[in-house]
1. Would you confirm, using the coordinates I've provided, whether Val146 is within 30 Å of Leu260 (Cα to Cα), in contact (Cβ under 8 Å) with a residue 12 or more places away in the chain, aliphatic (A, V, I, L, M) and touching a helix residue (DSSP H, G or I) at 6+ places or on another chain (Cβ under 8 Å)?
2. Yes or no: the stretch 428-436 includes at least one residue that is under 28 Å from the mean Cα position of the chain (by Cα), surrounded by 15 or more Cβ atoms within 10 Å (Cβ to Cβ) and either closer than 17 Å to Asn528 by Cα or of a type in the set (Val, Ile, Thr) (or both).
3. Could you check the stretch 306-321 and list, in sequence order, the residues that are farther than 17 Å from Ala282 by Cβ and polar (S, T, N, Q)?
4. Collect the residues in the stretch 268-297 that are of a type in the set (D, E, K, R) and surrounded by 20 or more Cβ atoms within 10 Å (Cβ to Cβ), keeping them in residue-number order.
5. So for the stretch 697-715 (the condition being charged (D, E, K, R), modelled with pLDDT under 90 and part of a loop (DSSP other than H, G, I, E, B)), does at least one residue qualify?
6. Of all residues in the stretch 326-361, which are of a type in the set (S, T, N, Q) and assigned to a strand (DSSP E or B)?
7. Can you tell which of Gly356, Gly342, Gly382 is touching a residue at least 12 places away in the same chain (Cβ under 8 Å) and over 25 Å from His269 (Cβ atoms)?
8. Just the residues that are in contact with a strand residue (DSSP E or B) (Cβ under 6 Å, 6 or more places away or on another chain) and either assigned to a loop (DSSP other than H, G, I, E, B) or more than 25 Å from Val152 (Cα to Cα) (or both), please, taken from the stretch 215-234.
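The values are calculated or read from the model by the stated rules, or taken from the named source; none is laboratory data. All of these numbers come straight from a predicted model, not from anything done at the bench. When we count neighbours, we look across all protein chains shown, and the Cβ atoms used for this are built from the backbone with ideal geometry, even at glycine.
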Amino acid sequence: MRVSVPVRLSALTAGLLVASSLLAADKPADKAAVKAASGAAPASVAALAPAVPAAPVASAASSASGATADASLGGVPGTLTTTAAGTGPAVIQTAPGTIAMLPGANALPAPMGQPRTHVFTLRQMGAYGAMELRGLDPTGYLNADVRTDEVVTAAKLRLIYTYSPSLIYPLSHLKVFVNGEVVATIPLVKETAGQLVTSEITLDPRLFTDFNRISVQMIAHYTLDHCEDPYHSTLWTDIAPESTLTLDTAAVDLPNSLALLPVPFFDKHDYGLVRVPFVLAANAGLPTLRAAGVVSSWLGALASFRGARFPVARTAPADASAIAFALPGQMPEGIALPEIKGPTITVMTNPAAAQGSGRKLLVLAGRTPEELEKAAYALVLGQAGMASNSVVVQSVDLGPERKPYDAPNWVPTDRPVLLRELVNDPQQLQVSGYNPPAIRVNMRVPADLYAWAHSNVPIDIRYRYTAPSSWNDSILNVSINDQLVRSQRLKPVTRAADETRIAVPVLSGTDVRATSSIEIPAFRVGSNNQFQFQFHIDSQKTGLCASTAADIARAAIDPDSVVDFSGFAHYTALPNLAFFANSGYPFTRMADLSETAVVIPDAPDAKDQEAVLTMLGHMGQWTGLPALRVKLVPASQIDSVSGDDLLVIGSGSAANLLAKWGKDLPLLIERGKTEVATRDQKGGWPDWLGGTADDEDTTPKGRSIVSLGGPLAALIGFESPLASGRSVVALASTSSAQFGDVLDAMQDSSKVARMHGDLSVVRHGEVEGLRVGERYFVGDLPWYARLWVHISRYPSLMALAGILAGLIVAFTVFWALGRMAARRTGD
């Protein structure tokens, strides 16, 4: 009997497929055209010839032997592929066929440029960890974007997964969708149940647009009983994080139009590292480098979480789109421009790239350094008003000067903030399903917030959810930076108490609105944070066949929920390279860097210039604004910026400047030797809000001098020798070639997490953070708060202050009572 069941199902399947193909063959061809003309979505399966369905039936019957079959319709392959080494079930793929479109509309754009390959992991497609498919939440979603200047020519989805060994396998399978179109069905077979299985699916490239959603749906059954429980624990499939989507693309040669900016130099559909070469003449001066820095900070702000890197070249690269800066007498090699008639912005085909590659060259030019800077300002502030391939800038207004702590990427600290201000779309605050993914809200705050009067950060959370009919294990977990803050039980709906609290009409009538006030420990909050709101809607079944899931559970965090940092002061202990590596503090205190000076060697090379541009790109990433008012000075003119915070690119003459400041530095690299201060290191919880507590001894224990045995690079923080209360962060290395090691480390979140104290050494790709020097304090606190901070570091003083305060109160009360008694007795 066990043998006959799959045979009958196979026969039934074959009959259905043959019947459907005959019906499709009987339909007139003009019906498909009429349907397409009426706006119907193009089907992924067109009318099949009677012979085509035979291939799936034959392959399904031979799946145990790992056979493959091919079918071709309209020049697009529809294949039946098995897993690598034949270890998994056969993949039944949809043959796309010829989509009903106008003649030529189904062809790929021409001309086609250079081929490229992109490999996306599950995490890059929006999944945190493994994608878990369960009975009540059987569908997982992945997102994959395609750059504006590329078109997909081939696509392959590689799924690595494990499924339950307790299913009825003839009724269980996985369905794969691309933008709502079914592209493949993967049978779940007994032979590989409970094992790690790999299936590769060839996808139709015509289904891909600029934004794409790939979904995997589990259809699974464990019993033939009509009372099957969708909550049953045997209904599961886990898709491993190692699963990948591979897209082969070809470049599309976009028109030379400034209206497309920032494409192709930055494309919001590309989630990889933004790498844009900057082309500068070998004799480029400080004004040219400063104009390039303004543009690099703008691209860094656009790049946001992607990160950015800006290598410097002397000629236009052949393999990338680039940005060039030109002045009379400072023209990069290989770039020919017509007569410069003012501040000019021009986009052209990259003359060094192959024809049809789609590579562009953006050229900023001026007759004087002032005009070149004006062109840079116009690009970052007025790009939206540009349309042709070239414009001449008439005037630029930078606007009023910024105020401290007003960076767009930072949460305001002078008022309560609504969560709607922290997301781009309110839909980000809504989820569906019984075990939905967490709602994630990113939040940057100034690094110098000090919780001297408050130990917690108040947050007022308002949320809605599909309420259970009775008390169960439905909960809301609130976390920050993956640290649990509170687990809140979700109460059921009751007609007497909650019927009047239904929140939003578009949600189901059983949705309840609730409010919870939470205090987040201040030490959990860093400069770069993420709230996680994880809903779990528990089963409402009270017994077998008692109820079934009739509606999809939904939950949402109200956009009017409030987080409040207004009770915190700005005060902290420096140097702290963790602040710099995570938020650019103290330089980003002013969002336009108006109180920042970048100190470079008198004769910078390409690596020095790359370090400047990339660091300014980080500043833009942290603040969300271009560095419009940053100063750039050579080391020989550092006295002109003595009142600013200094970012020193320490090679050449800038390295001599560090040597001049001498033994006060935590690390000094000079003349083939390394001199470093040494002291005992202490571990513990990182200093976040309120991180002013000092160690018992801040004095270095000693100093070590060793000869250089290899490449070395470091970040060094210390108080400016030129002005009290001002900070210096220096990039020091054995040569400018090692600056790339520091820049690479700052792109790696795991290495950034190890940067702290006043010295972070980068050697062979590893980062070690140390604190070896003295600390100083910056910020603004009332005198009584400063007194409290000072006393709080010494327990004996706190005890003495408590005793004195008690005595003062006691004597005051005694005196007041004595006066009252005297008035009563008339004395």
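1. No: the conditions fail for Val146.
2. yes
3. If the condition is that a residue be farther than 17 Å from Ala282 by Cβ and polar (S, T, N, Q), then Ser321 is the only one that fits.
4. Once the filter is applied, which keeps residues that are of a type in the set (D, E, K, R) and surrounded by 20 or more Cβ atoms within 10 Å (Cβ to Cβ), the stretch 268-297 yields only Arg290.
5. yes
6. Selection gives Gln330, Thr344, Thr346, Thr349.
7. Gly342
8. Kept after step one, since they are in contact with a strand residue (DSSP E or B) (Cβ under 6 Å, 6 or more places away or on another chain), are these residues of the stretch 215-234: 215-219.
The answer is Met218, Ile219.
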